[in-house]
């Protein structure tokens, strides 16, 4: 069973305010899934993913001078099909204007992953990094789609982390960058969260060092509890869950995230990639000095109450490079894009970056 993480599915559904998240029970139809088979893909570590393939979907039409492409990599555990609600005519990524490429990041169960590799299954799959995700995406865009430049790179959460990496690794490749709820550097608090979730999975008796076959009910239950505690703020949870409703809330939380050792391998390796993210260390400098390397016009979206991806590195890096910073003032935390109507601002920035100024958007707790 593939692991489903709420971090993407809830937050992604309603960055655009057209339909409330809880009203969108049926996902919009996603463009057809395509695969790029890339042979052996060498990682930054020197290891190789054999029989490497990358999943992606395209929507819209590439214009004559190939200047209207938008790259949108997936978030932690997310799939490209989950972006369908944000891509289309009049949407955040307007396909009347843009050619949108939604890309399944390494390790998400669609692109090459521990759960689907024939030659390197489970924990024999090489460890990869956020930079490796970006390099694979660059290879897709240049060698398969034959693009030498794109209008924008954008993403949410781990997709935002990839966006930051894109901005530094390929500073002249895009005109615009929109990292949302992402970071250029994992803090110790972030690593504490990801480590706790990994430990919860690996302590399950059916983990069996990644070789288990039965459902990991205990491990994934604790995994879900940790996520629920961090994905929003304390104020959000107190406001939405009365003490008398706690038992029902916990039962639902434990039941929502399921999987076995196979899907746990995907979850663990993507989290380890996030834990290793540190652009300053990667380039042997500071974030402030690294900012001068960025040429794209950037819209950095953060929530001060984000307890899942600490917003401070994104704010500091954004300020250093003179980016437009959009703060989301809501106790929804990492799910702030579900609570605040940021979609129109993102769409406006994609069209006319200079017309959007740094600001704070307020939203309700629900």
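Considering only residues in the stretch 23-44 that are exposed (fewer than 12 other Cβ atoms within 10 Å of the Cβ) and over 21 Å from the mean Cα position of the chain (by Cα), the one that is modelled with the lowest pLDDT turns out to be 23.
For the stretch 121-133, filtering for residues that are part of a loop (DSSP other than H, G, I, E, B) and surrounded by fewer than 18 Cβ atoms within 10 Å (Cβ to Cβ) leaves 2. Can you say whether residue 306 is modelled with pLDDT of 95 or more, farther than 17 Å from residue 174 by Cβ and either touching a helix residue (DSSP H, G or I) at 6+ places or on another chain (Cβ under 7 Å) or in a helix (DSSP H, G or I) (or both), as far as the supplied structure shows? Yes, satisfied. Taking the stretch 192-223 as the range and being surrounded by 16 or more Cβ atoms within 10 Å (Cβ to Cβ) and over 23 Å from residue 116 (Cα atoms) as the test, the residues that pass are 193, 196, 218, 221, 222.
For the stretch 56-84, what are the residues that are surrounded by 21 or more Cβ atoms within 10 Å (Cβ to Cβ) and more than 22 Å from residue 130 (Cβ to Cβ)? If the condition is that a residue be surrounded by 21 or more Cβ atoms within 10 Å (Cβ to Cβ) and more than 22 Å from residue 130 (Cβ to Cβ), then 59, 60 are the ones that fit.
Return yes when residue 293 is surrounded by fewer than 17 Cβ atoms within 10 Å (Cβ to Cβ), closer than 22 Å to residue 326 by Cα and either in contact with a helix residue (DSSP H, G or I) (Cβ under 7 Å, 6 or more places away or on another chain) or without any contact (Cβ under 8 Å) to a residue 24 or more places away in the chain (or both) and no when it is not. Answer is yes for this residue. Does the stretch 54-61 include one or more residues that are at pLDDT below 95 and within 24 Å of residue 96 (Cα to Cα)? No, the stretch 54-61 has no match at all. Of all residues in the stretch 45-63, those that are under 17 Å from residue 32 (Cα atoms) and outside any loop (DSSP other than H, G, I, E, B) total 7. The set of residues in the stretch 309-339 that are in a helix (DSSP H, G or I), in contact with a helix residue (DSSP H, G or I) (Cβ under 7 Å, 6 or more places away or on another chain) and without any contact (Cβ under 8 Å) to a residue 60 or more places away in the chain comprises 316, 320. All of (1) without any contact (Cβ under 8 Å) to a residue 24 or more places away in the chain; (2) part of a loop (DSSP other than H, G, I, E, B); (3) surrounded by 19 or more Cβ atoms within 10 Å (Cβ to Cβ) hold for residue 284 with one exception: (3). Within the stretch 64-117, the set of residues being assigned to a loop (DSSP other than H, G, I, E, B), without any contact (Cβ under 8 Å) to a residue 60 or more places away in the chain, under 18 Å from residue 345 (Cα atoms) and touching a strand residue (DSSP E or B) at 6+ places or on another chain (Cβ under 8 Å) comprises 95 only. Return a yes/no flag: does the stretch 253-265 have any residue that is out of contact with any helix residue (DSSP H, G or I) (no Cβ under 9 Å at 6 or more places or on another chain) and either surrounded by fewer than 22 Cβ atoms within 10 Å (Cβ to Cβ) or not in a helix (DSSP H, G or I) (or both). Within the stretch 253-265, not a single residue is out of contact with any helix residue (DSSP H, G or I) (no Cβ under 9 Å at 6 or more places or on another chain) and either surrounded by fewer than 22 Cβ atoms within 10 Å (Cβ to Cβ) or not in a helix (DSSP H, G or I) (or both).
The values are calculated or read from the model by the stated rules, or taken from the named source; none is laboratory data. Since we're looking at a predicted model, the values are computed, not measured. Quick reminder, even Gly has a Cβ in these numbers, built from the backbone with ideal geometry, and neighbours come from all protein chains shown.
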